[in-house]
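Read through the structure below, which is laid out as structure tokens, and then see the notes.
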Amino acid sequence: MKLSLRYKNISDANAELFLDDFEAQKGTYTAFAINEDLKGGWTGNSDALDSSDKWRYASPPKVVQVKPGVSNVNVELLGVL
């Protein structure tokens, strides 16, 4: 499974949290469960994103500053069996 998440027009401080989490997960090494809060924008079947599924980063989060203090973040995750 592959999951692509896009966060648009978030504060730089919130964008930094993604980079901090990537470091805390030891980059692409550690598997983790998705926090229920991250599923807030999901409109598909709730069974598709089970909270017991494990994921890992496919690559570092990509941060693009769109204006001072505001950024877009793209996160790519891979499912872990």
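The values are calculated or read from the model by the stated rules, or taken from the named source; none is laboratory data. Computed from a predicted structure; not experimentally measured. Please note: Cβ atoms are built from the backbone with ideal geometry, for glycine as well, and neighbour counts cover all protein chains shown.
Against the test of being at pLDDT 90 or above and either touching a strand residue (DSSP E or B) at 6+ places or on another chain (Cβ under 9 Å) or loosely packed, with under 14 Cβ neighbours inside 10 Å (or both), the options Trp55, Trp42 yield a single qualifying residue, Trp55. Counting only residues that are of a type in the set (A, V, I, L, M, F, W, C) and either within 10 Å of the chain's Cα centre (by Cα) or surrounded by 14 or more Cβ atoms within 10 Å (Cβ to Cβ) (or both), region 59-69 holds 1 of them. Consider Ala24 carefully, then state whether it is of a type in the set (Gly, Ala, Ser) and modelled with pLDDT of 95 or more. In short, yes.
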